[in-house]
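Read the structure below first, then the notes.
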Amino acid sequence: MEGPLGQRLTWFTGPFLRFETRDINGQETLIATDIRLGFPGFHPFNFTLATREGDHWMPVAVSEEVDSPRGLHMATLARLAARAGGDVSALCASDYVEPQWRAEPFLYRC
């Protein structure tokens, strides 16, 4: 994040990035997720930043978008649109929170 591309990304997203590592084609890869769009459990903008080489992270030459580990179906998008239109029962975002991201072990109901 120290170089010009990292600084540009920080300028663009501010504090709204989540970082994680994933194994992509047998290589540990650092992924940045822009959490400003989407909802817990589904954020559509995931990009490669670096790959692990020994004890160091090496920036990728070209950042690529990677699929969300969760699929999203048209029915879910329809429920999201209904929720945006004011129907609070149409979509409870906490249903999509993976267990490791929950503050409490139970599911909140909207």
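The values are calculated or read from the model by the stated rules, or taken from the named source; none is laboratory data. All figures in this text were calculated on a predicted structure; none of them were measured in a lab. Every residue, glycine as well, gets a Cβ built from its backbone with ideal geometry; the counts of neighbours run over all protein chains shown.
Key figures
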{"read-out": "Inter-residue pairs, beta-carbon under 9 Å, first under 17 Å from Glu64 (Cβ atoms) and in region 1-28, second assigned to a helix (DSSP H, G or I) and polar (S, T, N, Q), 6+ apart", "value": "Leu17/Thr10"}
{"read-out": "Every pair of residues 6+ apart whose Cβ atoms lie under 7 Å, when the first sits in region 80-104 and is in contact (Cβ under 8 Å) with a residue 12 or more places away in the chain while the second is exposed (fewer than 10 other Cβ atoms within 10 Å of the Cβ)", "value": "Cys92/Arg109"}
{"read-out": "Residue in region 1-14 that is in contact with a helix residue (DSSP H, G or I) (Cβ under 7 Å, 6 or more places away or on another chain), surrounded by fewer than 17 Cβ atoms within 10 Å (Cβ to Cβ) and in a loop (DSSP other than H, G, I, E, B) present", "value": "yes"}
{"read-out": "Boolean, Arg102 is within 30 Å of Leu49 (Cα to Cα) and either modelled with pLDDT of 70 or more or exposed (fewer than 10 other Cβ atoms within 10 Å of the Cβ) (or both)", "value": "yes"}
{"read-out": "Selected residue (criterion: surrounded by the fewest Cβ atoms within 10 Å (Cβ to Cβ)) from residues of region 23-59 that are in contact with an Asp or Glu (Cβ under 6 Å, 6 or more places away or on another chain) and in a strand (DSSP E or B)", "value": "Arg52"}
